[in-house]
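Colleague: First the structure, then my questions, so here it is.
Values in this text are rule-based calculations from the coordinates and carry no lab data. As the structure is a computational prediction, the values presented were derived from the model and not from experiment. With ideal geometry, Cβ positions are generated from the backbone for all residues, glycine too; neighbour counts draw on all protein chains shown.
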Amino acid sequence: MQWCHYRNDQLLAEEVPLAELANEFGTPTYVYSKAAILQAYGEFAHAAQGHRTLVCYALKANSNLAVIELLVRAGAGFDIVSAGELARVLAAGGDAAKVVFSGVGKSESDIRAALAAGVRCFNVESEPELRRISALAAASGQRAPISLRVNPDVDAGTHPYISTGLRENKFGIAHERALDAFKLAASLPNLEVLGIDCHIGSQITEIAPFLAALDKLLELAGRIEAAGIALKHLDLGGGLGISYQGEQPPARRDLLEAIFARLASHRLGRNYELMFEFGRAIVGNAGLLLTRVEYLKSTPVKDFAVVDAAMNDLLRPALYDAWHGVLPVARRDDEQVVYDIVGPVCESGDWLARNRRLALRPGDLLAIASAGAYGMTMSSNYNSRPRAAEVLVDGNRALLVRSRETVESLYALERRLPPAD
């Protein structure tokens, strides 16, 4: 997170002091860096120059309209998993023709919305989904563009909850059944088969799993072409990791260059457009969660810093045992104590960081690092807590890109009972 730095012992987001953001917008608040988002996407886009490639942004990582609009302006495509995410892309000025629709459980309303908008491709994950899309396309007088997501049984070497390419995962069509599924797709008159897709997991920190998945796709593509079904693209998904706690994932350029080299060495490799669906690698290290210490609580066995952010704001630690860096907004020379950083939610799993050595006082501000991906998008209103504000910094400017919810907004759609008799 190079965009986040100290000056005179005060932590800044780009050129904006985080203490000023807390004073203006309150806490907890998500803070994103415009420069960091554009730099990360730009590294992918630059590495893809000279190749037939569409770099998509996976909206599930962070779906704020301002973040989407930044990437629309930069030329990105988009990977979505719901009609709601499609609506966000369109509301931010995106082009449906650069949208791929993934997801294992597309509803009829999802599919109708995508057909009406004219998405570039459906990434289909089962034979029943093929039949559903074909029937809905026929009802609207269309041919639906589809790609089949294949489960290549490749171990991404990541957390079990975010591994998606193994035989036992719910995603995709088993590799050994894929050819028959492609034959079925080709036989359905209202489908247009465009490509083959895979996504093996998230927070991947090595190149080898990507190449192993690509090799399996290319082998399968050869058999599909031999069966008389022409393919136009290969979609390798995303999943490139970021550094949370010293991990050293490959550079974005190194990953793409290794993939392009493997394609160039294969007899079919140059036939296909290549597509990617990166999310965390674009926004993960471009955001932080700003929170304030409410209490310092000492027990015989543990010291706690109770903050105003909670698991409803940032679920990853409770869900994945995920590690996030914790930075004091104001550095001081006080004695350091080992704290667990916990929130006010009534769950023992409500923690943001464990065993962190910090010099703290009540009222201090903390920045929870690397929270740009799967922070706000996974947040909830548990314990009737309004969700955080979101702010985008651009040099020395700070833009409020989502207002904090109010308690009243949480129950605005609910209805009280009729008057008692």
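Colleague: List 182, 101, 25 from most exposed to least, where exposure is judged by having the fewest other Cβ atoms within 10 Å.
Modeller: Final ranking by Cβ density, sparse to dense: 25, 182, 101.
Colleague: About its Cα centre, how strong a charge dipole does the range 95-278 have in debye, to the nearest 20, once Lys and Arg get +1 and Asp and Glu get -1 at the Cβ?
Modeller: So the magnitude is around 480 debye.
Colleague: For the pair residue 131 and residue 382, what calculated FRET efficiency results from E = 1/(1 + (r/R0)^6), where r is the Cβ-Cβ distance and R0 = 30 Å, to the nearest 0.05?
Modeller: 0.20
Colleague: Follow-up question, since we're still on this one. Set Lys and Arg Cβ to +1 and Asp and Glu Cβ to -1, take the dipole of the chain about its Cα centre, and tell me which of 242, 13, 41 lies farthest positive.
Modeller: Checking the options against the dipole of the chain, the answer is 41.
Colleague: Further question: In nanometres, what is the gap between the two model label sites at residue 223 and residue 264, each 7 Å from Cα along Cα-to-Cβ?
Modeller: 2.9
Colleague: Against the globular-protein guess of 2.2 N^0.38 Å, express the Cα radius of gyration of the range 1-136 as a ratio, rounded to two decimals.
Modeller: Working it through for the range 1-136, the quotient is 1.30.
Colleague: May I pose another question? Under 5 Å between amide hydrogens, which residues at least 5 positions from residue 391 or on another chain qualify, with H placed 1.01 Å from N in the peptide plane?
Modeller: Residues meeting the amide H criterion: 30, 31, 32, 401.
Colleague: Next question, about the same structure. Which whole-angstrom value gives the distance between the alpha carbon centres of the range 110-127 and the range 313-363?
Modeller: Here the answer is 42 Å between Cα centres.
Colleague: Can you sort 337, 31 by how many other beta carbons sit within 10 Å, fewest first?
Modeller: Arranged by neighbour count, lowest to highest, 337, 31 become 337, 31.
Colleague: Quick check: Cα centre of the range 75-97 to Cα centre of the range 12-60, how many Å?
Modeller: Cα centroid to Cα centroid, the span is 18 Å.
Colleague: Going by C-beta contacts inside 10 Å, put 233, 5 in order with the fewest on the left.
Modeller: The fewest-first ordering by Cβ neighbours comes to 5, 233.
Colleague: I would also like to ask the following. Would you work out the Kirkwood radius for the range 95-278? I mean one over the mean of 1/r across all pairs of different Cα atoms, in Å.
Modeller: Kirkwood hydrodynamic radius for the range 95-278: 16.8 Å.
Colleague: When the convex hull of the Cα atoms of the chain is projected onto a plane and the area is averaged over all directions, what value comes out in nm²?
Modeller: Dividing the Cα hull surface by four gives the mean projection, 24.6 nm².
Colleague: Under a straight-distance cross-link criterion of Cα-Cα below 18 Å, which lysines are reachable from residue 106, leaving out those fewer than 8 residues away in the same chain?
Modeller: Those lysines meeting the cut-off are 60, 170.
Colleague: Using Cα-Cα distances under 8 Å and only pairs 6 or more residues apart, what relative contact order does the chain have, in percent?
Modeller: Relative contact order of the chain: 19 percent.
Colleague: Amide H of residue 303: which non-local residues (sequence gap of 5 or more, or other chain) have their own amide H closer than 5 Å, using H built in the peptide plane?
Modeller: Placed amide hydrogens put 340 under 5 Å from residue 303.
Colleague: Something else: For the chain, give the magnitude of the charge dipole about the Cα centre (Cβ charges: +1 Lys/Arg, -1 Asp/Glu; no others), in debye to the nearest 20.
Modeller: Roughly 720 debye for the chain.
Colleague: Let me ask something additional. Hey, what number do you get for the chain at 222 nm if only DSSP H runs of n ≥ 4 count, each worth -39500 (n - 2.57), divided across all residues, to the nearest 500?
Modeller: So the calculated ellipticity at 222 nm is -8500 deg cm²/dmol.
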